[in-house]
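Before any comments, here is the structure.
All of the numbers you see were taken from the coordinates with simple rules; none came from a lab. Since the structure is predicted, the reported quantities are computational estimates derived from the model, not experimental observations. Using ideal geometry, Cβ is built from the backbone for each residue, glycine included, and neighbour counts are taken over all protein chains shown.
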Amino acid sequence: MAGTAQGTLKDRAITVARERGIARARDFDAAGIPRAYLRRLQDEGLLVRMGRGLYQLADAEWSESHSLAEAARAVPHGVICLLSALRFHELTTQLPHQVWMLIGHKKWAPKNPPVSLRIIRATGDALTAGVERHTIEQVEVPITNPAKTVADCFKYRSQVGLDVAIEALRDCLRSRRATVDDIWHFAAIDRVQNVMRPYIEATV
């Protein structure tokens with residue numbers, strides 16, 4: 001009977017991890033799986049601890065955007081932005097070494113995240129507007145859309161570089177990922193119309 005119970009527990013744990021992609025300890029709690037049992041599954045090589053309270057199947061296949069899924073699990077109130085969003089939308093050739101995330105001014109940021117994070121603080125529409133939700137490895141990941149990402153790059157040009165912002169604007173319009181009106185809408189939200197105007201006029 002004990003073996004059957006353990007087998008059922010293991011099956012449930014594997015199901016949770018597979019369905020969630022990157023599962024939190026609370027996901028296992030909800031399925032009635034003791035946290036001590038998670039350690040056993042790690043010892044058996046079935047689960048890998050990605051960070052504090054985050055687990056994934058050891059044989060899970062990682063996509064190029066794996067770090068974005070990890071970041072979204074670690075900071076559920078955050079939004080992937082700037083260089084990380086540019087890379088996701090294929091609007092830059094750069095490979096950011098950190099995951100860039102927008103979070104509210106008063107929101108907490110993890111001290112020991114599973115991936116290196118670059119936290120950007122924002123409020124109001126600058127934080128919530130233009131957010132798309134993409135599924136990466138069964139994880140719902142909020143990411144700024146191409147137009148908002150371009151506007152954000154101009155807003156935070158001192159951190160990402162003006163050359164990166166200009167390149168993103170040109171690539172976004174050239175690839176038709178957004179229209180000038182789309183970008184102008186988010187430029188107004190980010191209050192960078194005056195900064196962006198000469199670059200938009202030179203591009204169109």
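Some points to look at:
- Linear extension gain, residue 195 paired with residue 135, 0.36 nm per residue minus alpha-carbon span: 18.3 nm
- Charged-residue dipole, Cβ positions (Lys, Arg, Asp, Glu), the chain about Cα centre, Debye nearest 20: 740
- Sequence of 141, 131 once ranked by neighbouring C-beta atoms within 10 Å, starting from the fewest: 131, 141
- Whole-percent pair-distance distribution, where bins are 10 Å wide, for the alpha carbons of region 70-186: 14, 50, 31, 5
- Note on residue 105 and residue 40: the extension gain reaches 19.5 nm, defined as 0.36 nm multiplied by sequence separation minus the Cα-Cα distance.
- Ordering 77, 97 by the number of other Cβ atoms within 10 Å of each residue's own Cβ, fewest first, gives 97, 77.
- Considering only 95, 169, 127, the mean-square fluctuation computed in a Gaussian network model of the chain, springs between alpha carbons under 10 angstrom, is largest for 95.
- Proxy reagent accessibility, fewest Cβ within 10 Å first, across 163, 190: 163, 190
- Helix-only mean residue ellipticity at 222 nm for the chain, each DSSP H run of n ≥ 4 adding -39500 (n - 2.57), per residue, nearest 500: -14500 deg cm²/dmol
- Within region 16-81, GluC sites (Glu not before Pro) in DSSP loop having at most 12 other beta-carbon neighbours inside 10 Å: 44, 61, 64
- When the P(r) is computed for the chain, the part past 32 Å accounts for 28% of the Cα-Cα pairs.
- Which of 54, 86, 36, positive extreme of dipole for region 1-153 (C-beta unit charges): 36
- Sequence-separation-based contact order of the chain, relative, with Cα cut under 8 Å and 6+ spacing, percent: 17
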